[in-house]
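What follows is a short report on a single structure.
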Amino acid sequence: MKNKKLPCLYLVIPCYNEQEVLPITSVLFKEKIEELMAMNRISEDSRVLFVNDGSKDCTWDIIKDFSEKDKIFEGICLSRNRGHQNALLAGLMEAKEKCDITISIDCDGQDDINAMNQMVDAYHDGAQVVYGVRSKRETDTFFKRKTAESFYKLMKWFGAEVVYNHADYRLVSSRVLREFSDFKEVNIFLRGMFPLVGFKSTSVYYERHERIAGESHYPLKKMLALAFDGITSLSIKPIRIITGLGLCMSIASFLAIIYVFVSLLAGMVVPGWSSTVLCICLIGGIQLICLGVIGEYVGKIYLETKERPRFIISERTTDRKND
Ligand code: UDP
Ligand code: MG
């Protein structure tokens, strides 16, 4: 172990309007890095990299201030708010050139930082990707827990394989990140994409805490949007379901046609207003839903063909140091 070079670790932390929580959690992140250094698990040039995702409060000023006072902190600033997934990707792409391993974690202290020890151990044992999996969610509200659990089940059912109860707390080696940089899509859903890269992976389990300060940016609406994005970017099962539905409807219509003809020949054609209207409404509704789902995929293709940048970095704390 001694003659092997220690890996350089970058903690990648997306932050959006987190001025209340950053001063508290940044200390914890620093202590964790220093602890891992002291244990001879990571190298001395390991860092904490904050990604400011276009915050409207003082988050970026706080990050700049940290980096001026302590070289362990670095920061990049996105030119506008691009959402958690893009912010995380920006951080990972920035870090991959500078380190051997990254650990992505939210800045609100909900994910247990002590799980990092096991993650780094797993890396030393050969794993290139280590998923942080929430073993219990008792501190989440009943509603949040149930909606989050349904989220994973829904994703699985629709054919988007994700590690159950794993969010974006994960160790990824720079080797994997270099391969991952060839995944060029703009609709990104990182937790579903890393398993596609392959390489040796494992999971570590931890308990999820309450947010230390500030508020969640993932209300039900955003969570549903994320689930929908995840499904449509990883799987075409919804379109297959529509095809199946169309097939069933066609068979049912065919049987109905036979029934109509038989009734006609038997002279039993009574005014069937209710059943006609019912059928029209039902089929009309189903068709619209199906069109909507297909439209969603077409929309995604439209966005993908533009090949717009997924994020733009407007400032780096390291630039300031080099000035
Ligand atoms: N976040 C971000 N951009 C956004 C929304 C959130 O970078 O547009 C960050 C946020 O600062 C936090 C992480 O993503 O570090 C997770 O967000 P949050 O804690 O609000 O979500 P929850 O844990 O409630 O699902
Ligand atoms: Mg959170």
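Residues that are away from ligand 2 (no atom under 16 Å from the Cβ) and under 17 Å from GLY54 (Cβ atoms) within segment 94-115 comprise just one, GLU94. Just one of the listed residues (TYR206, TYR164) is surrounded by fewer than 16 Cβ atoms within 10 Å (Cβ to Cβ) and hydroxyl-bearing (Ser, Thr, Tyr), and it is TYR164.
Quick one: what pairs do we get from segment 188-200, first residue more than 15 Å from THR102 (Cα to Cα), second at pLDDT 90 or above and aliphatic (A, V, I, L, M), C-beta under 7 Å, 6+ apart or different chains? Note: pairs meeting the criteria are ILE188/LEU89; VAL197/VAL176; PHE199/VAL129; PHE199/VAL176; LYS200/ALA127.
Just one of the listed residues (TYR205, TYR259) is among the aromatic types (Phe, Trp, Tyr), assigned to a helix (DSSP H, G or I) and modelled with pLDDT of 80 or more, and it is TYR259. Criterion applied to VAL27, VAL48 was being closer than 23 Å to GLY214 by Cβ and either over 24 Å from the mean Cα position of the chain (by Cα) or within 16 Å of ligand 2 (Cβ to nearest atom) (or both), and the one residue passing it is VAL27. Selection of helices (runs of 4 or more DSSP H) fully inside segment 65-170 by the criterion of at least 1 residues being at pLDDT 90 or above and farther than 24 Å from GLY214 by Cβ returns 84-95, 115-124. The condition (being aliphatic (A, V, I, L, M), away from ligand 2 (no atom under 16 Å from the Cβ) and touching a Leu at 6+ places or on another chain (Cβ under 8 Å)) is satisfied by just one residue among ILE72, ILE63: ILE63.
Taken over segment 297-323, the criterion of being assigned to a helix (DSSP H, G or I) and at pLDDT below 80 is satisfied by ASP319, ARG320, LYS321, ASN322.
Taking first residues from segment 210-239 that are closer than 25 Å to VAL21 by Cβ and partners that are within 12 Å of ligand 1 (Cβ to nearest atom) and at pLDDT below 75, the Cβ contacts under 6 Å between residues at least 6 apart in sequence or on separate chains come to GLU210/THR139. Residue count for segment 204-219 satisfying the condition of being more than 11 Å from ligand 2 (Cβ to nearest atom) and within 15 Å of the chain's Cα centre (by Cα): 1. If you go through segment 228-245 one residue at a time, do you hit one that is away from ligand 2 (no atom under 16 Å from the Cβ), of a type outside the set (Gly, Ala, Ser) and not in a helix (DSSP H, G or I)? There is at least one residue in segment 228-245 that is away from ligand 2 (no atom under 16 Å from the Cβ), of a type outside the set (Gly, Ala, Ser) and not in a helix (DSSP H, G or I).
Consider segment 85-114 and keep the residues that are buried (at least 20 other Cβ atoms within 10 Å of the Cβ) and among the small types (Gly, Ala, Ser). The one that is nearest to ligand 1 (Cβ to nearest atom) is ALA87.
The values are calculated or read from the model by the stated rules, or taken from the named source; none is laboratory data. Worth saying up front: this structure is predicted, and the values here are computed from it rather than measured. With ideal geometry, Cβ positions are generated from the backbone for all residues, glycine too; neighbour counts draw on all protein chains shown.
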